[in-house]
Structure formats: structure tokens, C-alpha cells
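A.B. asks: Quick one: the structure is below, questions incoming.
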Amino acid sequence: MQYISTRNTEYQCSAAQAIAKGLAEDGGLLTPAFIPKLPANALETLKEMSYQQRAVYIIKLFLDDFSVKELTDYAAVYGAEKFSTPAVAPVREVTDDTYCLELWHGPTCAFKDMALQMLPHLLTASLEKLEERKTVCILVATSGDTGKGALEGFRDVPGTRILVFYPKDSVSAVQELQMLTQEGQNVGVCAVVGNFDDAQTGVKTLFSDVALRDELAQRGYFFSSANSINWGRILPQIVYYVSAYCDLLRDEKIVPGETVNICVPTGNFGNILSAYYAKQMGVPLGKFICASNSNNVLTDFLHTGVYNRNRTFYHTISPSMDILISSNLERLLLALTGESEQVKGYMTSLAESGQYQLEGKTLEKLQRNFVGYCCDDVRTREVIGEVYRTHDYLIDPHTAVAFDALAQYRRETGDAARAIVVSTASPFKFCDSALEALGEELLLPGLDSLDQLSEKTGMPIPKPLAELRGKAPRFDRVVEKDRMVDAVHEMLQ
Ligand SMILES: *Cc1c(COP(=O)(O)O)cnc(C)c1O
């Protein structure tokens, strides 16, 4: 299968090249030239399979330059050593019309593990196929969860270095400690004075710095990306949407062909985009409900067709969604228009004026598939409390935003179809918010809040978080947003 740039469909490369590059030279995102369709009886076949087997089946359809043997080896990352449940991505029944797809049973307790455990294998194998001898230096901008997920995925992987930039004051205490205590000989972590968009823009600037690229090439390094602009991040995420539908079929919660809506707490638009691709493959998914916090640029976009990032940036209690530039929307724009020239136009407009506008058929197609709702911090805490009291189920703030979006959607439209809410993080990553939502007024500091939440709810602390205790921070570098290059030099000297 060929991969194309969202800004130039004439440009073509292989899957291995797409994964190795991360981003096209023209700044576009590398994307499959078409989305393969599942064979007619595929869901019936997949229904009986393990998560690992489902992953091999789906990924193989997109990566024809990889063998089943290779992909089976990589899918072993979803085993018991890394994931705390054999279901890997279990679907929990909340009510008979609402299900929760739990994506946080991996080593860093957030959904990023689903792709970032797989990506290092896809990337190093791609480099081997391309006979690339240089060391790949992964640069990551994180709003909190990607950083730890990528560090854990790439730690001590031969032929790789990884450097993570995070916004200094906008990640949770547990998230920061998870990154600063990261083990491994090939890892680096650096705080940036600024917000996530500053860190992401800074990484994009490093990628396009030709002088830096040449200098590093001479020293045997090249840059790649583990952010969700890399196709190797999006692809493993398609698997769990297919898998969730198969679980509901297998457990006879739905009948074959029944349409299920999907509600996703959204930041960079990677997760919800994977759901859209699962639908394009032929999984009977209905509406995609895009849930945002007070940074509701996507809610407005889905209502009006106008994407406008010129607005106040809010630090919220769902920090992994504190984003005003949703990079993966660019892939959706190509899927909707089929015209890379048009996508390029939108992106030029976004870069120059901070906005662009969809009209006519494109807007219609967008709104046929996607709806958007948002929810502020006050409401987010209320929802955590309500879901806990009503269903005896503790959810994290990101997942709570999604529960609220689904409720708003149902109230507004009366759509009674079954829905899957995507749960993207363990509530223990956001103890303070969870405790406040449950009415605790005195919060214990640092990691003691893990015990406090565990005692309050009777839920066990996830092992990877309990193990943070006793680990000393290894990194203390902080840079201004226009000096991120210094951290690169320091890491690679
Ligand atoms: C990354 C993240 C999101 C946002 O996912 P996108 O793919 O960027 O839309 C939501 N919730 C949590 C907990 C995350 O870590």
C-alpha cells in the first residue's frame, strides 16, 4: 500500500518510509492512499480472536511490507508483562446502552500505551527495511501522557534516542513524576516554559531546521516523531475500535450490523480519527461525538465549519486535551475533500491567520459523521461524582468530559443508539481532581494522594503508579520555548 502526503497526493512512499519519516517534507501528514475494507465475514472471524490476533489482522491490511510473523512478534507487547488485563482494552458495561472502552491498562496508565508500545517496533523494523544506519532521535512534545508513553516504549531500544518536551506548569503531579523518574540509557526529559502548543510548535521548528538536520546527520543522527502525526501512532489505535465492536458482538450486547456511536475525549484528534478509519474499513459505527474541555475549538468547528485557534487558552483538569491546534484534523480534511491542494490551502490559512473555514459538501460530510460538545472543569468534577455514585465507577477527568458530551448529545438529538465512551486514563493519574470530585477537602500532597484515593474508593493503585514511590527524579532541565534546541545539543553531545 502506498502512503501519500495530505498536502500533495502525488507524493508517494511505502509504509516503512511513512513510519520512519513521521512527517512529509512538505509539512503534510503521511496517510494511506486508501483505507482497506474488511472482508465480508471479518467481524465474525475477529470476534473469536484475542486482542493480539486482532491487532495482527488489522495492522497487516495497512502494512503489506511487514510479514504476519513480524507483526505477531510486535503484538506480544500487549501481553501480561505490560498490560494488567488479558483483554488488553476491555469494554465495561455501564448501562445497557452505554459502554466504556478502557484504554489505560498499559504500563503508563493512559491510552497512549496502546500505540506507543507498538510504535518502537514498527519504527525500528521500518529503519531496517530502509537500510538506515543512523541513530534515530525521537523528539516528542507532550501534553502529559504521550511523553511517558513514548519514554516507556522507546527505553533502551537499540538505535534510538528519545527526548521529551513538556509544558512546565500544565501536567499533573503524577504525570510529571512519571516522566522525571524515567529509566533508560537513551532517554531525556526537558520542561518548556509555555503551554503544550508552544512545545509542539517548538518541536515542529526543530524538525524543519535544515542546518540542525545537516549537523546531526554528520554526527550520525536523524530526527523522527512519536507524536500522533506519525502514522505508526494512528494505526494501532484503529485496532481497539474494531476490537470493542467485536467484544460487543461476541458478548451478544449488539446484533450483527447494529450501529454503535463512539464518544472520544479529544485533543490532537488522533484517537477519534482512528475511530473514523475503523468506520471506513466497514465497522458499523454511527456518529463520532467529539468531546472537548473549555478549549473548545473543535466544538465550534464542528458546529460552524470555522476552525479558529485565536482564542484564550485554558489550563484545565483534563490537561491532555488542552490543545488549540489539533494536528490530525489535517488527515480528516483529506478524507473529506480528497483534494490535497485544498488541504494545503486550509493549512496555509491556519498558519497565516490562525483560522480556516469549510463550506458546502465538505462541511456537510464532516457534520454527517462528527458532532462536538464541550464541558468545563466544574461540570467535569460533577460528572466524576455522578458516575461514581450512580454506577460505582470511578473515571478520570478526560473520560468525564466524554460522559458529559454523550449526555448532551443524547438530550439534544434523542439518538438512542448504543454508545461506547472511550476512557483514556486511569483516575489515579489525576488523583486530586478525582478526590475533589468525590468531596474530599483536604488533599494529601504528592504520591500520598494515591493512597488517599485508594482508601476512599477501595480501588487498588495501579502498579506502575504505586512503584513511583521511592524513585528519584533524574531530570531537571527547563528551557524557554525558543531555546529547545539547547536541550537537543545537550542530549546528543
Ligand atoms: C492524549 C490524550 C487525550 C487526547 O487524545 P488525542 O488523540 O490527542 O485526541 C485524551 N485523554 C487522555 C488521557 C490523553 O492522554
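The values are calculated or read from the model by the stated rules, or taken from the named source; none is laboratory data. Bear in mind the structure is a predicted one, so any value in this text is a computation, not a measurement. Note that each Cβ is placed from the backbone with ideal geometry, even for glycine, and that neighbours are counted across all protein chains shown.
A.B. asks: Please go through segment 293-321 and pick out each residue that is in contact with a Ser or Thr (Cβ under 6 Å, 6 or more places away or on another chain) and within 20 Å of residue 204 (Cα to Cα).
C.D. replies: Listed by number, the list holds a single entry, 320.
A.B. asks: Determine which member of the set 371, 378, 306 is within 21 Å of the chain's Cα centre (by Cα) and among the aliphatic types (A, V, I, L, M).
C.D. replies: 371
A.B. asks: Would you check if residue 9 is surrounded by fewer than 19 Cβ atoms within 10 Å (Cβ to Cβ), among the polar types (S, T, N, Q) and free of Cβ contacts under 8 Å to residues at least 40 places away in the same chain?
C.D. replies: no
A.B. asks: Another one. Answer yes or no as to whether residue 469 is out of contact with any strand residue (DSSP E or B) (no Cβ under 7 Å at 6 or more places or on another chain), more than 16 Å from the ligand (Cβ to nearest atom) and among the charged types (D, E, K, R).
C.D. replies: yes
A.B. asks: Within segment 105-126, work out how many residues are within 15 Å of the chain's Cα centre (by Cα) and not in a loop (DSSP other than H, G, I, E, B).
C.D. replies: 7
A.B. asks: Given (1) out of contact with any strand residue (DSSP E or B) (no Cβ under 7 Å at 6 or more places or on another chain); (2) modelled with pLDDT of 95 or more, where does residue 175 come up short, assuming only one miss?
C.D. replies: Here residue 175 meets the rest and fails (2).
A.B. asks: Do you know which residues across segment 213-231 are in contact (Cβ under 8 Å) with a residue 12 or more places away in the chain and either over 15 Å from residue 20 (Cβ atoms) or outside any strand (DSSP E or B) (or both)?
C.D. replies: Within segment 213-231, 216, 217, 219, 220, 226, 227, 228, 229, 230, 231 meet the criteria.
A.B. asks: Taking the stated definitions as given, is residue 156 modelled with pLDDT of 90 or more, under 23 Å from residue 126 (Cα atoms), assigned to a loop (DSSP other than H, G, I, E, B) and of a type in the set (D, E, K, R)?
C.D. replies: In short, yes.
A.B. asks: Is there a residue being near the ligand (Cβ under 10 Å from one of its atoms) and either on the phi > 0 side of the Ramachandran plot or surrounded by 24 or more Cβ atoms within 10 Å (Cβ to Cβ) (or both) anywhere in segment 115-138?
C.D. replies: yes
A.B. asks: Take segment 382-439 and flag every residue that is in a loop (DSSP other than H, G, I, E, B) and surrounded by 24 or more Cβ atoms within 10 Å (Cβ to Cβ).
C.D. replies: 395, 396, 424, 426
A.B. asks: Across segment 165-212, which residue is nearest to the chain's Cα centre (by Cα) among those that are in a helix (DSSP H, G or I) and of a type in the set (Phe, Trp, Tyr)?
C.D. replies: 196
A.B. asks: For segment 258-310: of the residues being in a helix (DSSP H, G or I) and polar (S, T, N, Q), which is farthest from the ligand (Cβ to nearest atom)?
C.D. replies: My answer is 304.
A.B. asks: Can you confirm whether segment 341-348 contains a residue that is more than 29 Å from residue 433 (Cα to Cα), within 16 Å of the ligand (Cβ to nearest atom) and touching a residue at least 60 places away in the same chain (Cβ under 8 Å)?
C.D. replies: no
A.B. asks: I'd like to verify a number: residues in segment 126-166 that are free of Cβ contacts under 8 Å to residues at least 60 places away in the same chain and touching a Gly at 6+ places or on another chain (Cβ under 6 Å), how many?
C.D. replies: Number satisfying all stated conditions: 4.
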